[in-house]
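Worksheet: the structure to be examined is printed underneath.
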Amino acid sequence: MQAATSDKLAQWLLTSIELDAAALHVGRYCGPWRVSTAGQALASFHLVLEGDCYLHLDGQAPLRLHARDGVFLMSDVPHYLSSSPDPAAPIARQAMRPLGGPPAPGSAGLACGFFRFSGALSPLVIASFPEYLVCRSGDPALGHTAALFDMILAETDSDPQRPSPLIARLVELLFFYLIRHASQREALSAGLLALAQRGEFMALLDQMLRSPGQDWSIARMAAAAHMSRAAFCKHFTGAGGVTPAQFLLHLRMRLATQRLHAGDSVEQAASHVGYQSHAAFTRAFKRIVGEQPGAYRRQSRAAA
């Protein structure tokens, strides 16, 4: 049963999250240096291609990173990487140098950049994870990611500020390996994947994803999970971090954004997720997504 659950989670990860990564710079820092991608309102990543460095996060002890380690910050978290574990250590303004040749003592080769999440279920999935994930080269379960680091290194060239576009695609693959590993190994705190880790909710989630427009009353959801109403509400809220009704609302609106992005009319999207009233759907969509469904559809079509 656990193996089947892990396989199902892996499938959801690969199909429900859309990721677009962009490498900002790839190169080598020498001397006392500090670098950060914070303050851009984006999720970001740092991969250590050679050498060692330290990740500094507010209120936490410095985290040492070695060659072939990486960190993915799932939102715009205040942070920086540096050559020293001491936050008060002096730094000097350093230009990133190209990789290649023997590294100087104390230097570190980094690939840094940003990524955006899209796809209807991405917010529900990403909310299941901690604010950052670390990929460790010494983790036997992630040993195959060493090949991705090798390929990233092979794509580095002489201009640190204009990295190969293939690096971003390789970073995306690395991210998917990491979140699949995390979903199978970690006890996720809340969200879609935290619910999916509970075998008693697997069949229910499957049905809700396939038929979001059905009349999903509390009684029907409890029956699908083979639980009493009281036990279902208690365990669902404890695992998912929200009540069943709140989860259903978020799920429906995220699936509606997917339909609108694919070209459905507002009425078609509303009907797909169980709304016959245009006004009720518009209110719910604005509450969860932050804008009117018509405006969201126009912007999606213009972007496409």
Test: residue in region 185-199 that is in a helix (DSSP H, G or I) and either over 21 Å from residue 129 (Cβ atoms) or touching a strand residue (DSSP E or B) at 6+ places or on another chain (Cβ under 7 Å) (or both): no
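Taking region 153-168 as the region of interest, how many residues are buried (at least 16 other Cβ atoms within 10 Å of the Cβ) and part of a helix (DSSP H, G or I)?
So the answer is 3.
Name every residue in region 255-304 that is among the charged types (D, E, K, R), closer than 21 Å to residue 118 by Cβ and surrounded by fewer than 19 Cβ atoms within 10 Å (Cβ to Cβ), in order of residue number. Show your work before the answer.
Quick first cut of region 255-304, residues among the charged types (D, E, K, R) only: 259, 264, 267, 283, 286-287, 291, 297-298, 301.
Keeping just the survivors that are closer than 21 Å to residue 118 by Cβ gives 259, 264, 286-287, 291, 297-298, 301.
Within region 255-304, 264, 286, 287, 291, 298, 301 meet the criteria.
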Quick count over region 114-154, residues being free of Cβ contacts under 8 Å to residues at least 40 places away in the same chain, touching a helix residue (DSSP H, G or I) at 6+ places or on another chain (Cβ under 8 Å) and within 21 Å of residue 103 (Cβ to Cβ), is 2
- Query: Does residue 229 meet the test of being closer than 24 Å to residue 287 by Cα, surrounded by fewer than 22 Cβ atoms within 10 Å (Cβ to Cβ), without any contact (Cβ under 8 Å) to a residue 24 or more places away in the chain and in the same structural domain as residue 274 (by TED's automatic domain parsing)?
  - Reply: no
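Of everything in region 262-288, what is at negative phi and assigned to a loop (DSSP other than H, G, I, E, B)? Give them in sequence order. I'd like the intermediate steps shown before the answer.
At the first step, the residues of region 262-288 found to be at negative phi are 262, 264-273, 275-288.
If the condition is that a residue be at negative phi and assigned to a loop (DSSP other than H, G, I, E, B), then 264, 265, 273, 275, 276, 277 are the ones that fit.
Of these, 228, 164, which one is of a type in the set (Gly, Ala, Ser), under 30 Å from residue 23 (Cα atoms) and out of contact with any Lys or Arg (no Cβ under 8 Å at 6 or more places or on another chain)? Full working, then the answer.
Details: 228 fails: under 30 Å from residue 23 (Cα atoms).
When all the criteria are applied, what remains is 164.
Among 183, 107, 137, which is of a type outside the set (A, V, I, L, M) and modelled with pLDDT under 85? Steps first, please.
Working: 107 fails: modelled with pLDDT under 85; 137 fails: modelled with pLDDT under 85.
Residue meeting the stated conditions: 183.
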Checked against (1) within 28 Å of residue 133 (Cα to Cα); (2) touching a Leu at 6+ places or on another chain (Cβ under 9 Å), residue 246 satisfies every condition except (2)
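Here's the yes/no breakdown for (1) surrounded by 17 or more Cβ atoms within 10 Å (Cβ to Cβ); (2) under 23 Å from residue 181 (Cα atoms):
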| residue | (1), (2) |
| --- | --- |
| 106 | no, no |
| 116 | no, yes |
| 129 | yes, yes |
| 133 | yes, yes |
Being in a loop (DSSP other than H, G, I, E, B), at pLDDT 90 or above and either closer than 24 Å to residue 176 by Cβ or not assigned by TED's automatic domain parsing to the domain that holds residue 170 (or both): is that true of residue 86 here? no
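The values are calculated or read from the model by the stated rules, or taken from the named source; none is laboratory data. These numbers come from a predicted model, not from an experiment. Methodologically, a virtual Cβ is constructed for each residue, glycine included, from the backbone with ideal geometry; neighbour enumeration extends over all protein chains shown.
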